[in-house]
Amino acid sequence: MNFGIGMIIAIGCVLGGFLAGGGHLGVLWQPYELIVICGSALGTFVVANPMNTIKDTGKATVEAIKGSSPKARDYLDILGILYTLMRELRGNARNELEGHIDNPKESELFKKYPKVLADKEMTTFICDYCRLIMIGNARTHEIEALMEEEIHTIMRDKLKPSHAMQSVADSLPALGIVAAVLGVIHAMGSLDQPPEVLGELIGAALVGTMAGIFLSYGISAPLAHSIKVTREKRVRLYTIIKQSLIAFMNGAVPLVALEHGRKTISAYARPTIDAVENETMGGGEAAKAA
């Protein structure tokens, strides 16, 4: 929603200021200039990135526009499934938990938290480290180092769309100049035309420069930053998992271990202790709905 409001303000002020100064909006409609700028930007984007990054950039763009950052429900779901698993690890035999860890899609424990189960990468992350804890001979500092390395890798992969979009933003002003130069070349080839025609051709060329700069600093760069912020917030969920499981390995009871994870959540989004206790005792969103 913020993205839409911001774009309305930015575009509205640019066009409104142009109109207030006596300009005519029809002059700004230069589709061939936009084809040169946007087409070349798309081409260089495809050249510079592998297909999985291209696809992920589309997904990340939708997430940024929709504002798909973790909400209170997401944090409670993560803390809820962690509490359930740590309680099982603490009180039940290994073979009783293996089925849940090896096949989370069929696990009644995971089915209580459908949003967590829907995120395959996060579910795998949780199951992998619960499996290591079940083995029993892994040292806490080794597991912590392994988690930090994996989270670093996840963060690097998740931010590739942001870097790709920022590269496009950096190139757009220069591509706008390319469009402008082509427009000037066209104008120079029409010097035998009347001043009205030459003025229109030169105006079209200048629109290319303006469009490249605006598309860069007014749309692509803010979108790249929004993708980065959204993805960083999503990766913070892995830190919650890490802190909670490490505290549990160090001997903390499940509720205390959850506090280690809860404290890593930003204060403005952090659920209260009471909310976490109600969640863990209630058995998850799906269980409450049932």
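To keep it simple, each residue is scored yes or no on (1) open to solvent by 80 Å² or more (accessible area, probe 1.4 Å); (2) under 24 Å from PRO50 (Cα atoms).
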position	(1), (2)
PRO173	no, yes
ILE177	yes, no
ALA180	no, no
LEU201	no, no
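Report yes if SER190 is surrounded by 15 or more Cβ atoms within 10 Å (Cβ to Cβ) and among the hydroxyl-bearing types (Ser, Thr, Tyr), otherwise no. No; evaluated as a whole, the condition is false for this residue.
Are there any pairs, at least 6 apart or on different chains, whose C-beta atoms fall under 7 Å, with the first in the range 50-74 and aliphatic (A, V, I, L, M) and the second not in a helix (DSSP H, G or I), and if so, which? Listed by first residue and then by second, the contacts come to ALA72/ALA269; ALA72/PRO271.
The residue that is nearest to the chain's Cα centre (by Cα), counting only those in the range 115-127 that are surrounded by 14 or more Cβ atoms within 10 Å (Cβ to Cβ) and assigned to a helix (DSSP H, G or I), is MET122.
When the range 216-233 is filtered for residues that are within 9 Å of the chain's Cα centre (by Cα) and surrounded by fewer than 18 Cβ atoms within 10 Å (Cβ to Cβ), the ones remaining, listed by number, are VAL229, GLU232, LYS233. Selection within the range 255-273: residues that are among the hydrophobic types (A, V, I, L, M, F, W, C), touching a residue at least 40 places away in the same chain (Cβ under 8 Å) and within 16 Å of LYS71 (Cβ to Cβ). The member of this set that is most open to solvent (accessible area, probe 1.4 Å) is ALA269. ILE11 falls short of the stated requirement of being in contact (Cβ under 8 Å) with a residue 40 or more places away in the chain, β-branched (Val, Ile, Thr) and under 26 Å from LYS160 (Cα atoms). Remark: pairs (first residue in the range 113-128, under 13 Å from ARG73 (Cβ atoms); second residue hydroxyl-bearing (Ser, Thr, Tyr); Cβ separation under 7 Å; 6+ apart in sequence or on different chains) = VAL116/THR123. A single entry from GLU148, GLU108 fulfils the requirement of being over 22 Å from ARG231 (Cβ atoms) and either touching a residue at least 60 places away in the same chain (Cβ under 8 Å) or over 24 Å from the mean Cα position of the chain (by Cα) (or both): GLU108. With respect to the stated conditions, ARG156 is at pLDDT 95 or above, under 19 Å from the mean Cα position of the chain (by Cα) and open to solvent by 80 Å² or more (accessible area, probe 1.4 Å).
The values are calculated or read from the model by the stated rules, or taken from the named source; none is laboratory data. All of these numbers come straight from a predicted model, not from anything done at the bench. Cβ sites come from the backbone with ideal geometry, for glycine too, and all protein chains shown count toward neighbours. Surface areas here come from the heavy atoms of the whole protein model, side chains and all, with no ligands, DNA or RNA. Shrake-Rupley method; radii C 1.70, N 1.55, O 1.52, S 1.80 Å.
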